[in-house]
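Student: Below: one structure in structure tokens.
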């Protein structure tokens, strides 16, 4: 039924020229009690009047009934101090980018819209935080089966007033809290998410932020799908990530496999990372992560004015049981580490395969590595194509029980596979290398006294 409804709405939106046509088509399909037009309950959509109470009235009427709340083309001003609440079994449908929910210019507040119930669909809407909220769209803890499709989310930041609650909070476009499952974000655009305040040495912004409610006992969100979306202009370089998936329970070694997928997305102008995976059981596949900076990405916080890496990383992996495959990582700039695995706790059961990594050849960043492996156990690095940078693959901390095979490495001004470390007490052992095609100016495979039981097959 859900699939049929989605297909019907898409077809209607493609054919209709006016909001009334869309509404009539929806009514003819589902009946007069199936659609609530926000204009008919008092919303103006003229970009001047406060439409908050009328839209909330429509959402309340629809909740629990499987009813669609329809937003004809227009700009609907929302008081950010009165977050819109979406209950269960509700559908929000607009007419694309011309149906805009926009935070008004009133006092800075926490979030624009929050989903509190399960079985919710949001499609073909634009949500503009207008730089008056920390978070634009929030999927609350405990919700199930929420589908966000064809939605634009933009303009989240921090308050400029130190007395506001929103002064020190993380800026995010979409937030997905814990005890949730079956959350889908598809064919969406998330943009212009910036932290502006240096809080405790950090300036944190996330395009899409999957986490748990602070201080709660929530379990990490599971079966999350982020697909075919465009995430861009998230910053600053201090700590601005396009997608951040975290399971705080990993801090106590209680992390759970999420069964989640991040696939087919385009990420660009993400000032620190394209994505960071501090969770388990995530497949990261078919994404295109573009390094849009070239010697012009600067810190804005503690080290304000100091040149940052073009990007720190395209994909950082800090959890076990993750698969990173078939991604394209490129751009004008270089990455400090295009794919980075761990720097602290040991990450286990990791596969990095069939990725294409092209580091920007004109970058002035020093110490660049395409695949940089920290503490890692039971891993496979295979069938990747790597170009440019100072090192292709580097095991710089403890590496145990791993396979590095069938990679194509072309390093005109750098080295191939480096199994050495500058740290005391770290070893690289039980490693098998074979079938790698390496063209490199400094070294093909670099061994070290810290290696034990390393086999190399030509």
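The values are calculated or read from the model by the stated rules, or taken from the named source; none is laboratory data. Model, not experiment: these values are computed from the prediction. Note that each Cβ is placed from the backbone with ideal geometry, even for glycine, and that neighbours are counted across all protein chains shown.
Student: Has region 182-191 got at least one residue that is free of Cβ contacts under 8 Å to residues at least 60 places away in the same chain, more than 15 Å from the chain's Cα centre (by Cα), closer than 20 Å to residue 280 by Cα and surrounded by fewer than 18 Cβ atoms within 10 Å (Cβ to Cβ)?
Tutor: yes
Student: Same structure again: Condition (residue is free of Cβ contacts under 8 Å to residues at least 60 places away in the same chain, under 23 Å from residue 327 (Cβ atoms), touching a strand residue (DSSP E or B) at 6+ places or on another chain (Cβ under 9 Å) and in a strand (DSSP E or B)) applied to region 448-455: is it met by at least one residue?
Tutor: no
Student: Within region 389-420, count every residue that is surrounded by 20 or more Cβ atoms within 10 Å (Cβ to Cβ) and part of a strand (DSSP E or B).
Tutor: 14
Student: Of all residues in region 386-416, count the ones that are under 23 Å from residue 455 (Cβ atoms) and touching a strand residue (DSSP E or B) at 6+ places or on another chain (Cβ under 6 Å).
Tutor: 19
Student: Sticking with this one: Is it the case that some residue within region 114-121 is surrounded by 23 or more Cβ atoms within 10 Å (Cβ to Cβ), touching a helix residue (DSSP H, G or I) at 6+ places or on another chain (Cβ under 6 Å) and modelled with pLDDT of 95 or more?
Tutor: No: region 114-121 contains no residue that is surrounded by 23 or more Cβ atoms within 10 Å (Cβ to Cβ), touching a helix residue (DSSP H, G or I) at 6+ places or on another chain (Cβ under 6 Å) and modelled with pLDDT of 95 or more.
Student: Quick one: in region 25-71, of everything that is in contact with a strand residue (DSSP E or B) (Cβ under 9 Å, 6 or more places away or on another chain) and at pLDDT below 60, which residue is farthest from residue 94 (Cα to Cα)?
Tutor: 30
Student: Continuing with the same structure: Go through 360, 301, 331, 319 for me and flag whichever is surrounded by 18 or more Cβ atoms within 10 Å (Cβ to Cβ), on the phi > 0 side of the Ramachandran plot and touching a residue at least 60 places away in the same chain (Cβ under 8 Å).
Tutor: 331
Student: It is to be established whether one or more residues within region 196-203 are within 14 Å of residue 244 (Cβ to Cβ), in contact with a strand residue (DSSP E or B) (Cβ under 8 Å, 6 or more places away or on another chain) and either without any contact (Cβ under 8 Å) to a residue 40 or more places away in the chain or not in a loop (DSSP other than H, G, I, E, B) (or both).
Tutor: yes
Student: Right, another one. Give region 281-298 a look and list any residue that's part of a strand (DSSP E or B) and crowded, with 24+ Cβ neighbours inside 10 Å, or say none.
Tutor: Answer for region 281-298, where residues must be part of a strand (DSSP E or B) and crowded, with 24+ Cβ neighbours inside 10 Å: 282, 284, 289, 291.
Student: Could you check region 32-53 and list, in sequence order, the residues that are under 32 Å from the mean Cα position of the chain (by Cα) and not in a strand (DSSP E or B)?
Tutor: Within region 32-53, 38, 45, 51, 52, 53 meet the criteria.
Student: Could you look through region 228-255, keep only residues that are modelled with pLDDT under 95 and in a loop (DSSP other than H, G, I, E, B), and pick out the one that is surrounded by the fewest Cβ atoms within 10 Å (Cβ to Cβ)?
Tutor: Going through the qualifying residues, I end up with 253.
Student: Could you check region 107-187 for strands (runs of 3 or more DSSP E) lying wholly inside it with 3 or more residues that are within 20 Å of residue 52 (Cα to Cα)?
Tutor: Strands (runs of 3 or more DSSP E) meeting the threshold: 109-115, 120-123, 126-128, 133-139, 152-156.
Student: Run down 386, 376 and say which single residue is within 20 Å of residue 443 (Cα to Cα) and buried (at least 24 other Cβ atoms within 10 Å of the Cβ).
Tutor: Of 386, 376, the one residue that is within 20 Å of residue 443 (Cα to Cα) and buried (at least 24 other Cβ atoms within 10 Å of the Cβ) is 386.
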